[in-house]
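Derivation of every value follows stated rules applied to the coordinates shown; laboratory data play no part. Computed from a prediction, not measured in an experiment: that's the story for all the values here. Backbone-built Cβ (ideal geometry, glycine too); neighbour counts: all protein chains shown.
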Amino acid sequence: MQKKTLFLLIKLALSVALIIWITRDIPLDSVFGVMTSANVLLLVLALSLFFVGYVITAFRWRTLIRVQGGDAPIFFLVRSFLVALFFNNFLPSTVGGDVVRMYDSWRLGNTKSDAVTVVLVDRLLGVTVLLCFALTALAFDPRVMNQVPYIVVWVAIGLGSIAAGAWLMLKIPASYAEELFSKSRGIAGRVTGILAKVLRSFQAYRNAKPAVLRAFALSVLLQVNVVLHFVVLAQAIGISVPVESMFLMIPVAILIMMLPVSINAIGVRETVFVFLFSLYGVGSVEALAFAWMAYGLALSQGLLGGVVFALRRERRSA
């Protein structure tokens, strides 16, 4: 059996095991009852916030592409992001669509290393803002901090690691990696060569502070929109949790769901939301309904992305 197949089976088994474990004492008819009685107008509002997020994401993406000397129509980037969401529903993590975005960045005429770097920087900005939100919210809401040992330490380590990694990539001359590449052979040589190219592409952002700051501001705006989406969804099914608490809960949940340990966070999503909502007195029935409604809305994005993917034409810019 190939390693990829084995890992996929392990992730599938974990997803199934988590679903069985989290639903073992929850009456599913009550969960479906909560879902069917949701406020339709609020659900439509929550869904519409997705499209606001698409536009913000596209502007951030274009800002980073322009640093590399390229450009892209906003509509093209929105369509690419939708296609990425479609593939997220079939690849074994919630970041699988990044591969699609790298490919589309390359289709715009960027080099492969530039295409990879743009999406990596885009993703790093998003994760950094999520960690900042979580760390700030922890200072004002001790409930999660008291229930999850060392969560402040882990969030701080995450932020510190990103900051240290970014500093090293900006400060280490690409010529060092290229020199190491010239001395390496075989697989090590190919990997070092790819890293050298990505490092050189990454360093284009060293002298583009205004663009990076704009991209960071757009990341903040995007994550606020994401949290508001979940706030509206919670209100649609009658969950009452302080908004400021959602700015802690949602970033923590998203970061955990990004871990590639299950199929598209199935099982992980349900476990995380049931646990986090329980800290605020929300019952397991409502929390599970929230998790499944959130996944249902995500699937609707994926279906729309599938339609866009089926209709688009593959063509690389010169």
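Scan segment 268-318 for trypsin sites (Lys or Arg not before Pro) in coil per DSSP, keeping those whose Cβ has at most 12 other Cβ atoms within 10 Å, and list them by number.
Details: sites: R269, R312, R313, R315, R316; in loops: R312, R313, R315, R316.
When the trypsin sites (Lys or Arg not before Pro) of segment 268-318 are filtered for loop state and at most 12 Cβ neighbours within 10 Å, R313, R315, R316 remain.
At 25 °C and 0.890 mPa s, what whole-number value in µm²/s does Stokes-Einstein give for the translational diffusion of segment 194-246, with Rh from the Kirkwood sum over Cα pairs? Show your work: numbers first, answer last.
Numbers: Rh = 13.9 Å.
This corresponds to a translational diffusion coefficient of 176 µm²/s.
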#### Entry: Selection of trypsin sites (Lys or Arg not before Pro), segment 1-91, meeting DSSP coil and at most 13 other Cβ within 10 Å
R24
### Task
Provide the packing ranking of 27-33, 221-227, i.e. peptides ordered by the mean count of other C-beta atoms within 10 Å per residue, highest first.
221-227, 27-33
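Please give the length that would be gained between L9 and R143 if that part of the chain were fully extended, namely 0.36 nm times their separation in residues minus their C-alpha to C-alpha distance (nm, one decimal).
Working: separation 134, 0.36 × 134 = 48.24 nm, distance 3.58 nm.
Using 0.36 nm per residue and subtracting the Cα-Cα distance, I get 44.7 nm.
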